[in-house]
Amino acid sequence: MAESRVVLITGASSGFGRETARILLGRGFKVYGTSRNPSAKPQEPDVGMIALDVDSDNSIQSGVKELLEETGRLDVLVNNAGYVLTGGAEETSIAEAKAQFETDFFGHVRMTKAVLPTMRKQGSGQIVNISSIAAILPVPFEGYYAAAKAALLAWSEALPHEVKSLGIKVSVVEPGFFKTNLGHTRKIAKYTIRDYDELRRRAIATLDDDFENGADPRLVGETVLRIIASKNPKHEYAVGRERRYKTLKHLMPQSIIENGVRRHWKLDR
Ligand SMILES: NC(=O)c1ccc[n+]([C@@H]2O[C@H](COP(=O)([O-])OP(=O)(O)OC[C@H]3O[C@@H](n4cnc5c(N)ncnc54)[C@H](OP(=O)(O)O)[C@@H]3O)[C@@H](O)[C@H]2O)c1
């Protein structure tokens, strides 16, 4: 049977969102994407782009309304929009930390709350949240990002139990490092403390290398396709080279994991 489901992907102007849109279009889905400024970036042809800022209730209300007026339904929401904030735990201001949560946790929450009434009315729907392996493994000088993604992961584990009987499925994806724009658009905590300069410099240089040498974002798009094509999707999908550390974290002694983390982020030289 031909695919006719309507999919909305937040943050479809680049990276995972854009790749996912391209892959789903190729499979016949009706794909809509969001960007805060769709006209500023070249887009995948045939993706209906909607101006939407996940930090804003009003923007989400009008974006989702625009979509529903055109399609009359929404089958899949891919909650993907996000950015990375780097900075030490002590250096980062509460305002900067809250802004990270505003997008990478509450942005997903707001979007979900905006589409659930439609999915409940339909008696069907699917939500795929893009978290991160950072939710599971510590990333020094990126702690607020990891915390927002961990909050998203925990929330995404509670949600399916609330909506399953209403015909709505929820899955969460935990990507490792991928070569997207995320490293280029990362925000940096403004206030710095000299005692952290050397450690921060090394850890963030490693992070930038990890993004630069990251895997092909197409893998994440293919994972999203697998999730929404599956009759019985799993709850969690770790994807990318670093996915093995998720398993190892539970199998290895803590000291080995801690040493590995310090070595990777060059914290002991
Ligand atoms: N790349 C990785 O290694 C990696 C690993 C784990 C998890 N992730 C997660 O994957 C998701 C996608 O990231 P990416 O790697 O594809 O990065 P990307 O290439 O920088 O794309 C980020 C997307 O999010 C959108 N966005 C950012 N802030 C937004 C806001 N407030 N409202 C609406 N849209 C917003 C951007 O759109 P506009 O700027 O056009 O609005 C852009 O389309 C993020 O949640 C990220 O945390 C990435």
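Each reported figure results from applying straightforward, stated rules to the coordinates on display, with no laboratory input. A quick note: this is a predicted structure, and the numbers were derived from the prediction, not measured. Glycine gets a Cβ as well: all are built from the backbone with ideal geometry, and neighbour counts include every protein chain shown.
Per residue, what volume in Å³ does the Cα convex hull of region 6-264 take up?
Normalising the Cα hull of region 6-264 by residue number yields 128 Å³.
Rounded, prolate or oblate: which one fits region 146-234, using the alpha carbon gyration tensor with axes a ≥ b ≥ c (rounded when a/c is under 1.5, else prolate when a/b beats b/c, else oblate)?
Because a/c hits 1.5 or more and a/b fails to exceed b/c, region 146-234 counts as oblate.
Rank by packing, highest mean first: peptides 72-81, 34-43, with packing defined as the count of other Cβ atoms within 10 Å averaged across residues.
Packing order, densest peptide first, comes out as 72-81, 34-43.
Find the centroid of the Cα atoms in region 169-224 and in region 230-260, then give the distance between the two in whole Å.
Cα centres, region 169-224 to region 230-260: 17 Å.
Between region 34-55 and region 1-33, what is the C-alpha centre distance in whole Å?
Here the answer is 12 Å between Cα centres.
Can you put H250, H264, H108 in order, fewest other beta carbons within 10 Å first?
Ordered from fewest to most neighbouring Cβ atoms within 10 Å, H250, H264, H108 come out as H250, H264, H108.
Which angle from 0 to 90°, rounded to the nearest 10, does the C-alpha axis of helix 57-71 make with the longest principal axis of the chain?
Result, in degrees: 40.
Roughly what angle does helix 143-163 make with the longest principal axis of the chain, taking Cα atoms, 0 to 90 degrees, to the nearest 10?
Helix 143-163 sits roughly 30 degrees off the main axis of the chain.
Tell me, K98, K169 in order of fewest to most beta-carbon neighbours within 10 Å?
In increasing order of surrounding Cβ atoms, one gets K98, K169.
Using only Cα atoms and rounding to the nearest 10 degrees, what angle (0 to 90) does helix 197-212 make with the longest principal axis of the chain?
40
In percent, what relative contact order does the chain have, based on Cα pairs under 8 Å that are 6 or more apart in sequence?
Over the chain, the number comes to 20 percent.
At 0.36 nm per residue, minus the direct Cα-Cα distance, what do K266 and D216 gain on full extension? Give it in nm, one decimal, please.
15.5 nm
Could you give the dipole magnitude of the chain about its Cα centre, charging the beta-carbon of Lys and Arg +1 and that of Asp and Glu -1, in debye to the nearest 20?
The dipole of the chain has a size of about 620 debye.
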